[in-house]
Every structure is written in C-alpha cells, then in structure tokens.
Amino acid sequence: MGKCNICGKSAGLFRKQHKACLIQLREGIVKIEQKLADFFDNVKHEKSEIDLIQSQCLLPDIIVETCYENVYSQFLDQFLDDGLFESAEEDKLVEYQSHFELSISVLNRNGALDKAVRASILRDLINGENITGRVKISGNLPFKLMKSEELIAVMKNVKLSEQRVHTEYKGKSSGLSIKIAKGVYYRTSGFKGKPIKNLSMDYIDVGLLALTTKHIYFASKIKNFRIRYDRIVAVKPYSDGVGIQKDGVSSKPMIFSNIDGWFCYNFLMNIDNYQTSEVQK
Ligand SMILES: [Zn+2]
C-alpha cells in the first residue's frame, strides 16, 4: 500500500496521493496567494490566517514560502512594468516583508529581493541620488577597487563571450544603442523575449562581474579586466545579458550573459552621469 505524500495516510495500491488531498492542496495555494495579493489592495490579512490555511490544507513550508515570494515578485514586476520603481512601491514591498515576517532567504529563493534592490539602485541612479551602500559581500572579492570608487553590484556565474571579428557589429538593425542623453530608462517589458543568440560569438569564460561607481570588473580563471565607463561607446540590451563595445579600433564587442539584462543595460546607460560629488551624504 502506498502512502499519500500529502496527508501521510494510506492511499491505496500504486497511488502516491489522494485526489482529494491534491485538490485541497491546490486550493490552499490559490487561497493563500489571493490573501497575500490583498495586501497590495490594502487589505492586510494576519499571518495567522495564512498559517491556518497552511495547516488546514496540509501545505508544506516550502510551498507556502514559494507563495510569499511569488506574490512579492508578481507585484514587483507590476511596479516595474509601468516605469521606474517608485519609493512608495518599494516601501509597500518592505512593509509586506515585515508584515508577514519574511526572512531574506524566503524572498530571495528565486532572486525577487535582489531584483527589488537592483530596481531601487536604478531609480536612484536615474534620479541622481546616492546608489552606494546596498551590496553586502561575504568573503573577499578578486577585484582591487580604487580608493575613490564604491561597489554597487556583484554577479556570479557570468558568461563572457566575444563577438567574432568577421561579423558586423555596428550598424545592425537589431538595435545597437548608442549612448545618448542622461536619464535613459528602458522598461522591463522591453527586455522580454530578447535573449542572446550565440551565433557569431566566441565563448571565453565564466566568472564574477562587478559594477562599481567607476568601472565594470570581470574576473575568471583566464580573463581579468576592468573597463572605465567612459570608455564604453555602445551598450546593447538583451533579456539575459548585455553587450558592450569599448573604444579603440581593435576592441571586440563583448557580451556578458546569464545576468539581468534589464538592470545592466539601464545601469551602463546611466552610470557615467553619476557624480559622487553631486550626491549628498
Ligand atoms: Zn492524502
């Protein structure tokens, strides 16, 4: 006799779960996500209500935690779709986290919390406000930062590729963006369905990428370098990466992938207008 993997009671021969248990579990998820979404409609259910549904519907912690992150992520995306992440929207997400007593690991299992931090960095960058002091690093970084620069973001497992020499990079109709004025901001929706196509690229290595107030750094086993922002002449957006062209005739276009293209693109398009001296504090 098999045991039901939801209620733990006998489920009958060759069965992994009771149909009724599965239905109840699915209903529980819907109910919880609905109650959590109410928070953004200013209907604040208590955490105890969520806990009650969890126990009634026999939901494992991991599923409930996923619900918490899903709803958070869904509203974050909604906030980002209509333009810059407003302070009031950010406050709402912070309030959600504290109201339901959610730990960082719960909200960041799929990176929703990190995405919110990046969104707030972009907003402050574009608005000319201070963007430093948001990244927490455990352990040492393989970069030697200059005294006058500060770390803004670090990304792991970033793939570096180079455009092959014989392929034409400039002047392609596929959307090479030339750096222009201050305050360029592309919405998240503009990045959907624009993945990097590996066709004319040579994969180089995978490593750590860091963005500071002055440079982009890359460190891997075979390649270590930094590029000053004012030496970047073009930035190309992808959903899962960003392409950059450095000045100088011999430099090949580089593509960093397996990263948040929306953030990196908007960051690189705006960072060279960032003047530490102009920022208060
Ligand atoms: Zn059951």
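Below are the figures for this structure:
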quantity: Kirkwood-Stokes translational diffusion coefficient of the chain, alpha-carbon pairs, 20 °C, 1.002 mPa s, µm²/s; calculated: 100
quantity: Percent of C-alpha pairs per 5 Å bin, segment 1-129, short to long; calculated: 2, 10, 18, 18, 15, 11, 9, 7, 4, 3, 2, 1, 0, 0
quantity: Length released on extending from V233 to N258, taking residue separation times 0.36 nm less the Cα-Cα span; calculated: 6.8 nm
quantity: For the chain, with +1 on Lys and Arg beta carbons and -1 on Asp and Glu, the positive-most of V135, S48, S200 along the dipole; calculated: S200
quantity: GNM result for the chain, Cα springs below 10 Å: residue of L59, L36, L125 fluctuating most strongly; calculated: L59
quantity: At R0 = 41 Å, FRET efficiency that the Cβ-Cβ distance of S48 and N273 yields, to 0.05; calculated: 0.30
quantity: Full-extension gain in nm, M1 to R134, via 0.36 nm per residue minus C-alpha separation; calculated: 42.5 nm
quantity: Distance violations [Cα-Cα > 30 Å] among K115/K221; K31/K236; K35/K192; K9/K115; calculated: K31/K236; K9/K115
quantity: Burial ranking of peptide ranges 21-30, 7-16, 235-244 (average Cβ count within 10 Å, highest at the top); calculated: 235-244, 21-30, 7-16
quantity: Residues of type aspartates and glutamates that K92 reaches as a straight line, Cα spacing below 13 Å, ignoring anything fewer than 8 places off in the same chain; calculated: D38, D41
quantity: Additional length obtainable on full extension of the chain from D41 to D77, 0.36 nm per residue less Cα span; calculated: 11.4 nm
quantity: Computed E for V30/S10 - FRET, C-beta separation, R0 30 angstrom, nearest 0.05; calculated: 0.65
quantity: Kirkwood-based shape ratio for segment 11-60, expressed as Rg/Rh from alpha carbons; calculated: 1.14
quantity: Proximal lysines relative to K223, as straight alpha-carbon distance under 18 Å, when same-chain residues fewer than 8 apart are discounted; calculated: K144, K156, K159, K246, K252
quantity: Reference-scaled alpha-carbon Rg (2.2 N^0.38 Å with N residues) for segment 215-255; calculated: 1.18
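Every read-out reported here was derived from the displayed coordinates using simple, explicitly stated rules and does not represent laboratory data. The shown structure was predicted, so the numbers you read here are calculated from the model rather than taken from an experiment. Quick reminder, even Gly has a Cβ in these numbers, built from the backbone with ideal geometry, and neighbours come from all protein chains shown.
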